[in-house]
Number of protein chains: 2
Amino acid sequence: MNAHLPLIADIANEQLAQALQHKLDHKTKPLGSLGRLESLALTLGQILGTETPALEQPQMVVFAGDHGLAARGVSAFPSDVTWQMVENFLAGGAAVSVLARQHGLALTVVDCGVARNIAPREAAPGQPRLLLRKVAPGTQDASQGPAMSAAQCAQALNNGAELVRDLPGNALLLGEMGIANTSVASLLLARLCGLSLAECTGAGTGLDAAGIERKRAVLQQALDVNVAATAPLDALAALGGYEVATMVGAVLQAAAERRVILVDGFITSAAVLVASRLQPHVLQRCVFAHRSGERGHQLMLAQMQAEPLLDLGLRLGEGSGAALAWPLLPSACGILREMASFEAAGVSGQTAA
Amino acid sequence: MNAHLPLIADIANEQLAQALQHKLDHKTKPLGSLGRLESLALTLGQILGTETPALEQPQMVVFAGDHGLAARGVSAFPSDVTWQMVENFLAGGAAVSVLARQHGLALTVVDCGVARNIAPREAAPGQPRLLLRKVAPGTQDASQGPAMSAAQCAQALNNGAELVRDLPGNALLLGEMGIANTSVASLLLARLCGLSLAECTGAGTGLDAAGIERKRAVLQQALDVNVAATAPLDALAALGGYEVATMVGAVLQAAAERRVILVDGFITSAAVLVASRLQPHVLQRCVFAHRSGERGHQLMLAQMQAEPLLDLGLRLGEGSGAALAWPLLPSACGILREMASFEAAGVSGQTAA
């Protein structure tokens, strides 16, 4: 099967950008004094195509999957933690559950390829929702061959696009869960950006130096055995995971619909990296929530010329960093929509420089 | 008159700190993976003296005052902007008005010493409230002598303590407005920390390099003419402003009551610097919202060993940075209060390092 990937148009609009900048410059504040919040307001206005952006029904989607690589000891935690955390997300006890509740973010958890079967269930209104979109019960061990087939990868991409099509609102927050998926992100960074694994490989959930060294050696095997997988979709199938591939499909669909995409940490950034290599204009729709404490994330952000909002040493994933950064987005919209201009408020302008 | 300054007790409690750390370490997340949010949770638990901190009825207070120094051209904006912005705060059109509304922060604007008389008014419930606590219509020009008398300074300190005593809730967010008050903050930093004005003086609301040089020369006159004012309260009277002195009183009272104090940028940090030189344990109750784009703020933060939450290049003041950082505080409390432990959620722990 083939994935039907949407085309992502260039939404650059110099006239709108100037109108937004003019509006910001006439608000009752010294020029540029809201710093990064002003550039965020510009971005949101341009994504939503309006001088008065408003975010509606924001959707936090946590993509979950397991990885054959986990059996090689690349993570500090066992694979069972993936399904256990899916249950924890749904029960409301995980960090992302708490933060989504705080900010009124609808929370959807997607089984993209968890090893254990997750029992289907109905969610009460306002409660976290489970979607079963399992392609297979975990990937194959990428250190021995491709993690998934091209058909499986296409299925995951289509699943991601389809589920976003069904979501309300105009903002998608990316989250993920999958023991060993920092390995996947490191592999995709190394392969797609031509960087060494020494630069791309970090502690994940808590490896020590010897553990990182073992992990790096396993990841080198994965790069070596999948040496021909250099094109973005080939690399995604050979080195990726079902949660990452489903997320790539979701990102492409969200970008096609001009939703605001709030990217979390290292793993969700890896999905955006793949999507942006397929369709560069994806990045016009992305806001990067934070700089993770995980080694490699800063390199990945630099590859996408991304300037994240927060720098709090987070390295949890789940979408927790996206949820923590979320309130800054409605703040930026509020500045554009609700602040008075110098003229309207009768405030004197600058007299000297 | 003398200010009646409360004593600020040492609230360090090793047993509580350990209990909080133990609780954080057993939440369903890799050890330490919520980074700065975890240290924030520790701080909030210790301020409020509980393993289950909850923030109640947070109060944003914007302290406003005018400065004799403004007539010397140290600001890019005229003094009239102070009262005009007070009106803008109350009308709901300023950045801090918009952000306080977004986050459900009660907003109080205090005339501590604005040059123009601000008309008293009743606020509808939920609307910004005006308090008239004017000591004098602006300070004297500090480049010619003391900005205020000792009695005026004591009056401002008492006003600040008294108004906090009447506020509900357990969290105080600091904001300020006063054309020329980055000059005041630079002077207090230079005098209390023994730093040069070259290091402490920045662009404020938007001076160019020549403007900064003129400003620095005026500030040097102020330091020279007030050379004997070295003790914290003497420096505050000689070099400070009514909004800063009122804020110092407010900070001391809030600290005495073990309220959480969320500090905004350069000027509010200057008030905390003065308060902490009077009573060092004040800093145990403070959370620093952001690192300002204003030169000098980083130096001031370093003097207080403060690690701010955000670094967004903000340099507006008003409390806007405190309002933007605010949601991180309930997030940190939510982690402690609502996240499941590994045991309760049936999630496997770390297997390897």
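The table that follows gives values for the structure above.
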item: Rel. contact order, % - alpha carbon contacts under 8 angstrom, at least six apart, chain B; result: 25 percent
item: Cα-based helix-to-principal-axis angle, B:328-338 vs chain B, degrees rounded to 10; result: 20 degrees
item: Euclidean distance between Cα centres, segment A:323-344 to segment B:126-172, Å; result: 29 Å
item: Average beta carbon contacts from partner chains per residue of B:22-33, 10 Å cutoff; result: 5
item: Projected label distance in nm at residue A:257 and residue B:150, using a 7 Å step from Cα toward the beta-carbon; result: 6.9 nm
item: Nearest-first distances (nm) between copies at residue A:52, label 7 Å from Cα via Cβ; result: 4.4
item: Helix axis angle, B:266-278 relative to chain B longest principal axis, alpha carbon, degrees; result: 80 degrees
item: Segment A:46-105: GluC sites (Glu not before Pro) falling in loop per DSSP and having at most 16 other Cβ within 10 Å; result: A:51, A:56
item: From phi via Karplus (6.51, -1.76, 1.60), per-residue ³J(HN,Hα) for segment A:105-111 in Hz, x at Gly/Pro; result: 8, 5, 10, 10, 10, 10, 7
item: Exercise: per-residue mean of other protein chain Cβ atoms within 10 Å, A:40-50; result: 0
item: Fraction of accessible area attributable to carbon and sulfur, the protein assembly as shown (%, probe 1.4 Å); result: 50 percent
item: Cross-link pairs beyond the 30 Å C-alpha cut-off, checked among A:134/B:29; A:29/B:134; A:29/B:27; A:27/B:215; result: A:29/B:27
item: Inter-chain shielding of A:87-96 (mean C-beta neighbours from other protein chains, 10 Å cut-off); result: 5
item: Packing rank of A:40-47, B:204-211, where each peptide gets the mean count of other beta carbons within 10 Å, highest leading; result: A:40-47, B:204-211
item: Pairwise centroid distance, computed over Cα atoms, of segment A:261-276 with segment B:239-296, Å; result: 39 Å
item: Pairwise label distance in nanometres, residue B:311 with residue B:299, each label 7 Å out on the Cα-Cβ vector; result: 1.9 nm
item: Among A:244, A:225, A:74: highest mean-square fluctuation, GNM of chain A, C-alpha pairs under 10 Å; result: A:225
item: Accessible-area value, residue B:286, 1.4 Å probe, nucleic acids and ligands omitted, Å²; result: 10 Å²
item: Closest-to-axis residue of chain A (Cβ criterion, axis taking A to B), whole Å; result: A:327, 2
item: Across the identical copies, how the residue A:217 labels are spaced - nm, sorted shortest first, 7 Å along Cα→Cβ; result: 6.9
item: Residue-normalised accessible area of chain A, given per residue in Å² at a 1.4 Å probe; result: 34 Å²
item: Nearest-first distances (nm) between copies at residue A:9, label 7 Å from Cα via Cβ; result: 6.6
item: Point-charge dipole on Cβ atoms (K/R +1, D/E -1) for segment B:59-325, about Cα centre, debye to 20; result: 220 debye
item: Net length gained if the chain between residue B:127 and residue B:91 were fully extended (0.36 nm per residue, minus Cα distance); result: 12.1 nm
item: Note, ³J(HN,Hα) from phi for segment A:22-35, Karplus 6.51, -1.76, 1.60, rounded to Hz, x at Gly and Pro; result: 4, 5, 4, 5, 9, 6, 6, 6, x, 3, x, 6, 9, x
item: Between 0 and 90°, nearest 10: helix B:80-91 axis offset from chain B longest Cα axis; result: 40 degrees
item: Sites residue B:50 and residue B:7, calculated FRET efficiency, Cβ-Cβ separation with R0 25 Å, nearest 0.05; result: 0.65
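The values are calculated or read from the model by the stated rules, or taken from the named source; none is laboratory data. Computed from a predicted model, the values in this text were never measured in an experiment. In this analysis, Cβ positions are derived from the backbone assuming ideal geometry, glycine residues included, and neighbour counts consider all displayed protein chains. These accessible areas exclude ligands, DNA and RNA; they are computed on the full protein's heavy atoms, side chains included. Shrake-Rupley method; radii C 1.70, N 1.55, O 1.52, S 1.80 Å.
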